[in-house]
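This report concerns only the one structure given below.
The values are calculated or read from the model by the stated rules, or taken from the named source; none is laboratory data. For clarity, every value in this text was computed on a predicted model and none was experimentally measured. Cβ sites come from the backbone with ideal geometry, for glycine too, and all protein chains shown count toward neighbours. All accessible areas refer to the heavy atoms of the entire protein, side chains included, with ligands and DNA or RNA removed. Shrake-Rupley method; radii C 1.70, N 1.55, O 1.52, S 1.80 Å.
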Amino acid sequence: MKVDVILGLQWGDEGKGKIVDVLAPNYNVIARFQGGPNAGHTLEFDNIKHVLHQIPSGIFREKTKNVIGGGLVLDPVILKKEIDGLAKFNLDLRKNLYISKKAQLILPTHRLLDAAYEASKGNEKIGSTLKGIGPTYQDKIARVGLRVGDILLENFKSKYQKLVSKHIEILELYKFEYDVTSLEIEFFEAIEFIKQFQLIDSSYFINDSLKNEERILAEGAQGSLLDIDFGSYPFVTSSNTTTPGVCTGLGIAPAKVGEVFGIFKAYCTRVGSGPFPTELDNEIGEAMRKEGNEFGATTGRPRRCGWIDLPALKYAIMINGVTQLIMMKADVLNIFKEIQACTAYKLADGTITDQLPYDMCEEDITPVYEKLEGWNCPTDDITEESQFPKPLMNYIEYLEEKLKTPISIVSLGPKRSQTILRNISSPSMV
Ligand code: GDP
Ligand code: IMO
Ligand code: MG
């Protein structure tokens, strides 16, 4: 048995939550491997719309085990709110939710530091979700962080105080005003609350599950272009959002990675600051935002919109070893008579390339576009591929040819039911 992976190929919000929820019945275990509450994964079914932040998107499937892996940074306060928010669905979270003891804890002061660092950057701010992601990963790498397993130690409070006193010294350097007292009350309440769930060693859990022939799907957060090593640095998040993150975040060997499903929108969006070559700061981008309801699931911020970027997608497919593609939100393009795809970048010195430049921020990139016929008709009643309008089928085949990777799923709406499976294959799904 191998671990299949689903991860975003763009700047996040590709629709990972929806597809993980759709595929979950084929798997025994869904495991998040990185990120934290900066993620917002939306699921829609049976007239329910629900956004998950740290809990894996298999949680609504009764038989699925859901693992918060060791590669995450976990905010116990947000986790408690998420769990409270799920109470009305009568899910058995004490049975179906597993939390790695190795996940790092986001402390209230990590969130304050995030805000202080962003404020100090002025116009150059990253546009962070301000959930404390960067400062918590910083402490992990600096080897001073606190982990979920530490909450079971007798000296947890003194470890906590030691780290917080360091954070307060930094906050004072930044002259950042803060009040940590009320935040600490809810933090310690949440710490007590999460003790009732299964705290596990996720490396053994995942590898034992594989040995027991269980099917595992790793759920990514953010997108490949936000990866700390491979994204549009420094406008990135602080974790490996790409396939290598599955190995470090769950404790599996690289050879145990099975199918890699790369998920992308039929166009492109980005929320927060940073380079976005195909951004349409005009009425077309505005129409995409309106039609696609492109507002952040975590922060509510409007998402920047633009045409699909094939150099960026090819790069993401290469880095991740993507074996199958999933195209989302094709229905959003229903409104256009003509659509465009960026096939190359023209650089300031006149070079035309389909490779990403070393520094996307410093380089002056002009996208080179190819025009395609739009389908310009509703897609609501489509239930199978044979009903696709011809220009949509052409777009799919065009992308498959450009990206040299098959598109296995096409999504035509936010609901579970609005999902067209083409020729999806996984050895672990037979
Ligand atoms: P994630 O972070 O990758 O899970 O994606 P988000 O949940 O942040 O954003 C995707 C948004 O698009 C959500 O509001 C989904 O309900 C919605 N969505 C997902 N798939 C489709 C689709 O095929 N068509 C449309 N119109 N909306 C979709
Ligand atoms: P999902 O999992 C889209 C962006 C932020 C910011 C940058 C750094 O829902 O796809 P951070 O809070 O991590 O320090 O922010 O990354 N970002 C996301 N954008 N979707 C996400 O997650 C994101 N998580 C972080 O907007 O630009
Ligand atoms: Mg999202």
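Side notes on the structure shown:
- Members of segment 262-296 that are small (Gly, Ala, Ser) and either surrounded by fewer than 24 Cβ atoms within 10 Å (Cβ to Cβ) or more than 18 Å from Ala39 (Cβ to Cβ) (or both): Ala266, Gly272, Ser273, Gly274, Gly285, Ala287, Gly292, Gly296
- Segment 250-278: number of residues that are polar (S, T, N, Q) and over 19 Å from Lys16 (Cβ atoms): 2
- Close pairs (7 angstrom Cβ cut-off, 6 or more residues apart or separate chains): within 11 Å of ligand 1 (Cβ to nearest atom) in segment 1-25, open to solvent by 10 Å² or more (accessible area, probe 1.4 Å) and part of a helix (DSSP H, G or I) anywhere: Leu9/Ile317; Trp11/Leu226; Gly12/Leu226
- One residue alone among Gly251, Gly262, Gly258 is within 16 Å of ligand 1 (Cβ to nearest atom) and not acidic (Asp, Glu), and that residue is Gly262.
- Annotation note: Cβ proximity below 6 Å between a residue of segment 339-368 that is under 19 Å from Leu225 (Cα atoms) and in a strand (DSSP E or B) and a residue that is open to solvent by 40 Å² or more (accessible area, probe 1.4 Å) and of a type in the set (A, V, I, L, M, F, W, C) (sequence gap 6+ or interchain) occurs for Thr343/Val368; Ala344/Ile352; Ala344/Val368.
- Boolean, Pro414 is in a loop (DSSP other than H, G, I, E, B) and open to solvent by 60 Å² or more (accessible area, probe 1.4 Å): yes
- Evaluation of Ile106 against the conditions (1) closer than 27 Å to Gln324 by Cβ; (2) within 14 Å of ligand 2 (Cβ to nearest atom); (3) buried (at least 21 other Cβ atoms within 10 Å of the Cβ) shows that the sole unmet condition is (1).
- Test: residue in segment 89-106 that is within 21 Å of Ala297 (Cα to Cα), away from ligand 1 (no atom under 16 Å from the Cβ) and not acidic (Asp, Glu): yes
- Of the residues contained in segment 2-19, one or more are found to be under 21 Å from Ala316 (Cα atoms), away from ligand 2 (no atom under 16 Å from the Cβ) and not in a loop (DSSP other than H, G, I, E, B).
- For segment 38-56, the candidate set comprises residues that are open to solvent by 30 Å² or more (accessible area, probe 1.4 Å) and within 13 Å of the chain's Cα centre (by Cα); within that set, the residue that is nearest to ligand 1 (Cβ to nearest atom) is Thr42.
- Checking Leu226, Leu217 one by one, the residue that is within 16 Å of ligand 1 (Cβ to nearest atom), out of contact with any His (no Cβ under 8 Å at 6 or more places or on another chain) and either open to solvent by 20 Å² or more (accessible area, probe 1.4 Å) or under 18 Å from Ile83 (Cβ atoms) (or both) is Leu226 and no other.
- Ile59 fulfils the conditions (1) in contact (Cβ under 8 Å) with a residue 12 or more places away in the chain; (2) within 16 Å of ligand 1 (Cβ to nearest atom); (3) over 16 Å from the mean Cα position of the chain (by Cα); (4) surrounded by fewer than 22 Cβ atoms within 10 Å (Cβ to Cβ) except for a single criterion, (4).
- Only one of Glu44, Glu62 that is at negative phi and either within 16 Å of ligand 2 (Cβ to nearest atom) or among the aromatic types (Phe, Trp, Tyr) (or both): Glu44
- Check on Lys121, surrounded by fewer than 24 Cβ atoms within 10 Å (Cβ to Cβ) and either modelled with pLDDT under 95 or not in a strand (DSSP E or B) (or both): yes
- Flag if Phe235 is hydrophobic (A, V, I, L, M, F, W, C), within 16 Å of ligand 2 (Cβ to nearest atom), assigned to a loop (DSSP other than H, G, I, E, B) and crowded, with 23+ Cβ neighbours inside 10 Å: no
- So Thr136, is it farther than 30 Å from Ile59 by Cα and either more than 16 Å from ligand 2 (Cβ to nearest atom) or out of contact with any Gly (no Cβ under 6 Å at 6 or more places or on another chain) (or both): no
- Residue in segment 303-330 that is farthest from ligand 2 (Cβ to nearest atom), counting only those that are of a type outside the set (Val, Ile, Thr) and either at pLDDT below 95 or assigned to a loop (DSSP other than H, G, I, E, B) (or both): Gly321
- When Ile170, Ile185, Ile126 are screened for being farther than 20 Å from Thr237 by Cβ, of a type in the set (Val, Ile, Thr) and open to solvent by less than 60 Å² (accessible area, probe 1.4 Å), only Ile170 passes.
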